[in-house]
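Quick notes on the structure that follows.
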Amino acid sequence: MAATFEAGRPVSARTRELFEAYRGELLRWNRQINLLTRRDPEEAADTLIRQCVGAFDLWWDASGQALVGAGGALRVYDLGSGGGLPGFVWLTLLAEQGVAASAALVEPRAKRAWFLERLARLPGGPPFAVFAARWGEPVAPGAVPALARGAGADTPILFTLKALRLPEAAILGGLSTAEPVLRSTAGVAVELVRFQPTVGVTAAKLSRALEIPAPGERFQAGGWTFEAGARRLLVPTKRGQRSATAAGLMVSRHVAVDSIEGGAGD
């Protein structure tokens, strides 16, 4: 039976082809690397890809388009990538939207990092680097992704997290290692998107648990001062996105204000 990846709207033929290739890799290596459940992995792969597509559409409509703006470029870090969810799926969908992404998938487990390196070689797939380390640890020389066409030091930064529950400052603090170019750029927007259940959580409860600063608050992380922006919980409402497996998203956005080392222009 053909896999179904749509979640509320059809994907392009090229995107479907990539998702089919990605699904094939997930199933091929699942037994050796434990990327999916061993019970009905085909259904699990389809469900997870579909969930990530629905979550992308939810984020893109509510926040993503505004974050990317007219430049059409983005720097992306997917933390705890595992088998490439949501990183590979979201990068494919960003390319479908015409966004030039400089991206890194971060995964400390060696076998899963190897799998991600394999995905990076899929013909026609989105380009990305693989950080085989925990977020915030030094990465190998040359591992930081080169800026994509149209991207610069002031290009917005997007973090995606599907399973990790890191506090806000721990995520932003890792930028001092992974994104040294940020150290000369005040005013850059940084958005964090965390997958969440659609029931039993609230924005206020998640903000406390994840230590997300209140809008307007200034806080320090990784040698920088940030000014906190909006934080909100997105829940699917469109027909086709609502399902038992659909994901909600906790979205927070901040702006880098200044470097503790002595100023944004240093």
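For the chain, what is the calculated [θ] at 222 nm in deg cm²/dmol (nearest 500), taking -39500 (n - 2.57) for each run of four or more DSSP H residues and dividing by its residue count? Each step should come with its number before you reach the end.
Values: 8 runs with 81 residues, N = 266.
-9000 deg cm²/dmol, from helical runs alone.
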Among 106-113, 202-209, 28-35, the order from most to least packed when residues are scored by Cβ within 10 Å on average: 106-113, 28-35, 202-209
Label point distance in nm, Ala169-Arg9, each placed 7 Å from Cα along Cα→Cβ: 3.9
10 Å beta-carbon shell around Trp29, net charge (K/R +1, D/E -1): +4
Long-range amide H partners of Phe131 with built H, under 5 Å: Leu105, Val106, Glu107
Length gained when the stretch Leu122-Thr177 is fully extended (0.36 nm per residue, less Cα-Cα span): 17.0 nm
Computed log₁₀ I(q)/I(0) - Debye formula, equal Cα scatterers, no solvent, region 1-92, q 0.12, 0.14 Å⁻¹: -0.40, -0.54
For the chain, built as a Gaussian network whose Cα springs stay under 10 Å, the top-fluctuating residue of Ala66, Ala153, Ala170: Ala66
Cut-off under 5 Å, modelled amide H: who pairs with Leu158 long-range: Arg75, Val76, Tyr77, Glu191
Where labels lie 7 Å past Cα in the beta-carbon direction, separation of Gln32 and Gln65 in nm: 4.3
Beta bridges per DSSP with both ends in the chain, % antiparallel, nearest 5: 50
Segment Thr245-Arg208, extension gain: residue separation times 0.36 nm, minus the distance between their alpha carbons: 10.8 nm
D_trans [Stokes-Einstein, Kirkwood Rh over alpha-carbon pairs] for the chain, 37 °C, 0.692 mPa s, µm² s⁻¹: 175
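Coordinate-derived values only; no laboratory data. All figures in this text were calculated on a predicted structure; none of them were measured in a lab. No Cβ is skipped: glycine too gets one built from the backbone with ideal geometry, and neighbour counts run over all protein chains shown.
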